[in-house]
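Undergrad: Here you go, one structure.
Every number in this text was worked out from the coordinates using simple rules, so none of it is lab data. Remember, it's a predicted structure, so these values are computed and weren't measured experimentally. Cβ placement follows ideal geometry from the backbone for every residue including glycine, while neighbour counts extend to all protein chains displayed.
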Amino acid sequence: MKILGIGNAIVDVICKVEDDYLVNNGLIKSTMKLVDEVEFKELLTTLKIEETVSGGSVANSIVGLSQLKNDVGFIGKVNDDDLGKKYEIGLRNENVNYIYSKKSELLPTGTCLILITPDSERTMCTFLGISGQIGEDDINIDSVKNSEMTFLEGYLWDEGGPKSAFDKVISNSNKVAMSLSDLFCVERHKANFLNLVKNELDITFSNEQEITSLTNAKNFEEVVSFCKQLNKIIIITRGEKGSLAINNGNVIECNCKKGLKITDLTGAGDLFAAGYLHGHINNFSIKESLEKGTEMSSKIIQKIGARLD
């Protein structure tokens, strides 16, 4: 197998809202907030659902990689409930090898409310459900060892079971990539994420906001200086400023595509990672891999949701 993704198995519920909806509900635009089941249902009662689809950050990337004809798999925890069954079917329909045996759990399958404002930004309210309870016993170690690379998501990292799962995966992987996922995750787990980036990961995906927070940088020049000191590949997306890769002191830049009709930024980072990793595992140059990531992210932001047709 080329790449094994491990992340939150989340069903995305996509809704369109005005900016004042975020303000009235104490939500910060473009970030993710963890909510309990009660708050999730309360938010949902006032909204019109545009689309419901199997999601999760790394799962979206893995589907993108599958659509690019790569042999990929995914591990994510769901309940043996209606949403869990739909989630598994959704991945299998995308030719993803779903490597998890679902069973009846106390918590339901996780759900993410994705709120899209008129500027196409997405703000997320996530009820993790059982997905956040992943532990080392949920990891198929043979699948990890037999994959060229494992791809982890920062959303999943937490003390306890998830940390144990990460440790087990990293110690048995041939190569490891991870997305920092969200500013919320970085600020919540800064010391642990910094250790991962510096000492454990081969490839790190981040946006400018996340990597600036992680490194406590005053400006982007300080970010670049920090990353140049690492013997790692650091991929940074910068929205309209394009993207760049920093590797062994070298900085490789890629422009964004212009003139796009942006509909929804959900999944932009996930599909960028899919494109970049596709290039990486198929021996593209770093520049070509960035361009493939840009191509994939450009496609996804012109439609609703985080999955390409």
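Undergrad: Determine, for 178, 1, the number of other Cβ atoms within 10 Å of each Cβ, and report the residues in order from fewest to most. Don't skip to the answer; put the middle values down first.
TA: Numbers: 178 28, 1 16.
Going from sparsest to densest Cβ surroundings: 1, 178.
Undergrad: Enumerate lysine pairs in the range 80-162 that are 8 or more residues apart or on different chains, then count those whose Cα atoms are under 17 Å apart.
TA: Values: 85/102; 85/103; 86/102; 86/103.
The number of close lysine pairs in the range 80-162 is 4.
Undergrad: List nothing, just return the count: lysine pairs in the range 15-82, 8 or more apart or interchain, with Cα separation under 28 Å.
TA: Qualifying lysine pairs in the range 15-82: 14.
Undergrad: For the range 1-46, place one equal point scatterer on every Cα, skip the solvent, and apply the Debye formula. What is log10 of I(q)/I(0) at q = 0.22 Å⁻¹?
TA: Results for the range 1-46 at q = 0.22 Å⁻¹ read -0.94.
Undergrad: Pick out, from 237, 227, 209, the residue whose Cα sits farthest towards the positive end of the charge dipole of the range 207-265, with +1 on the Cβ of Lys and Arg and -1 on the Cβ of Asp and Glu.
TA: Projecting each Cα onto the dipole axis, the largest value belongs to 237.
Undergrad: Here's something else I'd like to know. Starting from the Kirkwood Rh over alpha-carbon pairs, what translational D in µm² s⁻¹ does the range 93-152 have by Stokes-Einstein at 4 °C and 1.567 mPa s?
TA: On the way: Rh = 14.6 Å.
The estimated diffusion coefficient comes to 89 µm²/s.
Undergrad: To the nearest Å, what is the center-to-center distance of the range 136-157 and the range 43-113, using C-alpha atoms only?
TA: 16
Undergrad: Here's another thing I want to ask about it. Give me D for the range 141-204 in µm² s⁻¹, whole number, from Stokes-Einstein with Rh from the Kirkwood sum over alpha-carbon pairs, 10 °C and 1.306 mPa s.
TA: Details: Rh = 11.8 Å.
Diffusion coefficient, whole number: 134 µm²/s.
Undergrad: Also, I was wondering about something else. At q = 0.06 Å⁻¹, what log₁₀ I(q)/I(0) does a Debye calculation on the Cα points of the chain give, no solvent, two decimals?
TA: -0.17
Undergrad: Looking only at GluC sites (Glu not before Pro) in DSSP loops with at most 12 other Cβ atoms within 10 Å, what is the longest site-free stretch of the chain?
TA: On the way: sites that count: 18, 159.
The answer is 160-309.
Undergrad: Post the alpha-carbon centroid distance, the range 16-40 to the range 236-309, in whole angstrom.
TA: The two parts, judged by their Cα centres, are 27 Å apart.
Undergrad: Still on this model: Charges only on Cβ, +1 for Lys and Arg, -1 for Asp and Glu: so what's the dipole of the range 1-141 about the Cα centre, in debye to the nearest 20? Please list the in-between numbers first.
TA: Details: 14 positive and 22 negative charges, 89 e Å.
Computed charge dipole of the range 1-141: roughly 420 debye.
Undergrad: Could you give P(r) for the range 1-156, binned at 10 Å from zero, as whole percent values over all Cα-Cα pairs?
TA: Computed distribution, short to long bins: 11, 40, 32, 14, 2.
Undergrad: For residue 274, what charge total do you get from the other residues with a beta carbon under 13 Å from its beta carbon, if Lys and Arg give +1 and Asp and Glu give -1? Walk me through the intermediate numbers first.
TA: Details: positive: 2, 69, 292, 299, 307; negative: 94, 153, 270, 295.
The answer is +1.
Undergrad: Okay, next question. Under a Cβ-Cβ cut-off of 11 Å, what is the net charge of the residues other than residue 185 that fall near it, where Lys and Arg count +1 and Asp and Glu count -1? Numbers along the way, then the final one.
TA: Working: positive: 188, 190; negative: 153, 158, 182, 187, 210.
Charge balance in the 11 Å sphere: -3.
Undergrad: Report the charge-dipole magnitude of the chain in Debye, nearest 20, computed about the Cα centre from +1 at each Lys and Arg Cβ and -1 at each Asp and Glu Cβ.
TA: Numbers: 34 positive and 44 negative charges, 166 e Å.
About 800 debye.
Undergrad: Follow-up. Could you give log10 I(q)/I(0) at q = 0.09, 0.14, 0.15 Å⁻¹ for the range 82-227, computed by the Debye formula over C-alpha point scatterers of equal weight, without solvent?
TA: Results for the range 82-227 at q = 0.09, 0.14, 0.15 Å⁻¹ read -0.34, -0.81, -0.93.
Undergrad: Now a separate question. When the chain is fully extended, how far beyond the present Cα-Cα distance does residue 309 get from residue 175, taking 0.36 nm per residue of separation?
TA: Values: separation 134, 0.36 × 134 = 48.24 nm, distance 2.93 nm.
Roughly 45.3 nm would be gained on extension.
Undergrad: Among the aspartates and glutamates, which fall within straight-line cross-link reach of residue 168, defined as a Cα-Cα distance under 18 Å, with same-chain neighbours fewer than 8 residues apart omitted?
TA: Straight-distance partners of residue 168: 136, 137, 138, 142, 148, 153, 158, 159, 200, 202.
Undergrad: Considering just Cα atoms, how many Å³ per residue does the convex hull of the range 155-307 enclose? Before the final figure, lay out the partial values.
TA: Working: hull volume 17.7 nm³, N = 153.
Per residue, the Cα convex hull of the range 155-307 comes to 116 Å³.
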